[in-house]
1. Considering only residues that are more than 12 Å from chain A (Cβ to nearest Cβ), at pLDDT below 95 and farther than 20 Å from residue B:20 by Cα, which ones fall in segment B:49-80?
2. Would you mention how many residues in segment B:3-31 are within 15 Å of residue B:62 (Cβ to Cβ) and out of contact with any Phe, Trp or Tyr (no Cβ under 6 Å at 6 or more places or on another chain)?
3. Name every residue in segment B:47-57 that is open to solvent by less than 70 Å² (accessible area, probe 1.4 Å) and in contact with a strand residue (DSSP E or B) (Cβ under 7 Å, 6 or more places away or on another chain), in order of residue number.
4. Taking the criterion of being farther than 20 Å from residue A:143 by Cβ, loosely packed, with under 15 Cβ neighbours inside 10 Å and hydrophobic (A, V, I, L, M, F, W, C), would at least one residue in segment A:85-99 satisfy it?
5. If you take just the strands (runs of 3 or more DSSP E) that sit entirely in segment A:30-139, which of them hold at least 3 residues that are within 14 Å of another protein chain (Cβ to nearest Cβ), touching a residue at least 60 places away in the same chain (Cβ under 8 Å) and farther than 26 Å from residue B:62 by Cβ?
6. Is at least one residue of segment B:37-45 more than 14 Å from every other protein chain (Cβ to nearest Cβ) and surrounded by 17 or more Cβ atoms within 10 Å (Cβ to Cβ)?
Amino acid sequence: MIRVQREDFDIGTELALLTEGNSKIGGLASFVGLVRDLADQGAVSAMTLEHYPGMTEKRLAEIEAEARSRWPLDGVLIIHRYGRLEPGDRIVLVATTSAHRQAALESCAFLIDWLKTKAPFWKLEEGAKGTAWVEAKESDDRAAEKWKR
Amino acid sequence: MKLLYFAWVRTNIGKAEEELVAPDHVQTVEGLLDWLATLGPQYAAALDRRNVIKVAINHEYVEHDHPVRPDDEIALFPPVTGG
């Protein structure tokens with residue numbers, strides 16, 4: 001399931017819903033991305049996440065479908081927020097469930113790695129010296145690259 | 001064609017979207033970027049780092065040699081930084 005929303009989400013509620021009523025699930029893996037306070041860049045006081053409505057949902061659905069084709073998964077949940085967020089705020093939740101832990105853990109890592117290089121989101125950071133668009137990192141490209149087939 | 005701009009492409013050009021009729025010689029994404037860069041200094045600035053600009057046509061990523069058509073929705077943006 002894909003959700004792109006401005007509102008915050010409750011991790012406990014979301015994870016509970018993902019396994020509710022399915023006793024075949026043996027493992028649930030999750031990743032939560034948070035806004036970091038980057039003191040070395042003049043203290044990020046907030047960031048605004050912009051996205052491309054329409055394309056975002058399509059690309060996330062495609063990433064979910066790719067994960068389901070590679071691992072035997074029961075549930076897949078991707079929630080990604082947009083709008084203005086402050087340090088400590090949740091940005092993204094990725095969770096997967098499967099009969100076995102390896103499928104859940106690996107697919108969760110795959111989803112966040114691919115999401116970071118394929119889903120059309122951009123971060124504008126606000127700091128002491130004004131605003132700046134976050135530059136894409138080569139380390140993120142390399143993280144996604146290792147899942148290529 | 002409908003053009004959409006995101007992140008620093010949008011802030012440099014100064015608008016989020018516009019409808020444009022490209023001249024007939026604009027056949028590919030590369031040709032489109034060349035033509036857009038002539039529309040004014042803000043376009044030239046936005047497209048200065050040409051090689052890093054990502055392009056999506058009708059919500060699908062395409063390379064710069066991909067053809068463009070008059071009824072396409074074409075989005076131009078920097079590498080993505082979500083997650």
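The values are calculated or read from the model by the stated rules, or taken from the named source; none is laboratory data. A quick note: this is a predicted structure, and the numbers were derived from the prediction, not measured. Because the Cβ atoms are built from the backbone with ideal geometry, glycine has one as well, and the counts that use them run over all protein chains shown. With ligands, DNA and RNA removed, areas are computed over all heavy atoms of the protein, side chains included. Shrake-Rupley method; radii C 1.70, N 1.55, O 1.52, S 1.80 Å.
1. Passing the criteria: only B:51.
2. 7
3. Correct list: B:53, B:55, B:56, B:57.
4. The answer is yes; a qualifying residue exists.
5. Numbers: elements: A:46-51, A:73-81, A:83-85, A:90-98, A:121-127, A:130-133.
Once the strands (runs of 3 or more DSSP E) in segment A:30-139 are filtered for at least 3 residues that are within 14 Å of another protein chain (Cβ to nearest Cβ), touching a residue at least 60 places away in the same chain (Cβ under 8 Å) and farther than 26 Å from residue B:62 by Cβ, what remains is A:90-98.
6. yes
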